[in-house]
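Novice: This structure is in structure tokens; I'll ask about it shortly.
Nothing in this text is a laboratory measurement; each read-out follows from the coordinates by a stated rule. It should be emphasised that the depicted structure is a prediction, and the values quoted were computed from it without experimental measurement. For neighbour counting, all protein chains shown are included, and Cβ atoms are generated from backbone atoms with ideal geometry for every residue, glycine included.
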Amino acid sequence: MTRKLILIGIGLVAFCVGLGVSRVLSLRLEFESNVTIPAIQLHTQKSCFEAETSPDLSTFFDELRDALKKEDTHRLFTMTRRCNFDWYADAALSHPLLYEEVSVPSQLETPFEVKPILKVPWGQRLVFESENDFALNTRVIFSPGIMRRLLRDDPQASTECEYAVSWRERVLNHLCFERDSSGFKFIGLRTEP
């Protein structure tokens, strides 16, 4: 009987030690693998203030045309999306602009090497950090050809963006306009084959 109790005691101690060791190993593995997977951030966007504009497309577009005719850079800046501006065009915009980098978190990478994707120059999401940054680019964004189209053509509902002034010139071009909580904004130029 004593022998059975000793064996049961040894078994119980061995079980408890095994349980303790497995718990320690589990905590250690959990600590090593308890890496928080960051939310996938496609854009390195800082807080960005968008000026209020008209929520009515025709009013907004009339004001845009007026600003274009007067070459009023300040008004054009307030009517253009500061954050996540699209520019899918051959004509490069001037520095300084914030090119946003897209990368895959290391926990979600494929087994082979995956390099961060820097959207250059096609499909850049741009942020105008100041009105001066925008002013440095107005001659490209509102080139004579683009100004002519904006002054002559009216935006139509589009599948590429909410509303667009579209034309074909080697590729199909769309000057895009969308409404958000601050009103309508010119959001950039998008192209498709």
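Novice: Two-decimal Rg/Rh of the range 136-193 from alpha-carbon positions, Kirkwood Rh?
Specialist: Computed over Cα atoms, the ratio is 0.96.
Novice: Along Cα→Cβ, 7 Å out, is where each label goes; now give me the distance between the ones at Thr159 and Met1 in nm to one decimal.
Specialist: 8.9
Novice: Sticking with this one: Sort 4-10, 144-150 by the packing proxy (mean of other Cβ within 10 Å over each peptide's residues), most packed first.
Specialist: Values: 4-10: 9.6, 144-150: 14.1.
Per-residue mean Cβ counts within 10 Å order the peptides as 144-150, 4-10.
Novice: Hey, another quick one. Residues with beta-carbon under 15 Å from that of Phe77, excluding Phe77: net charge, scoring Lys, Arg +1 and Asp, Glu -1?
Specialist: After counting each charged neighbour, the total is -3.
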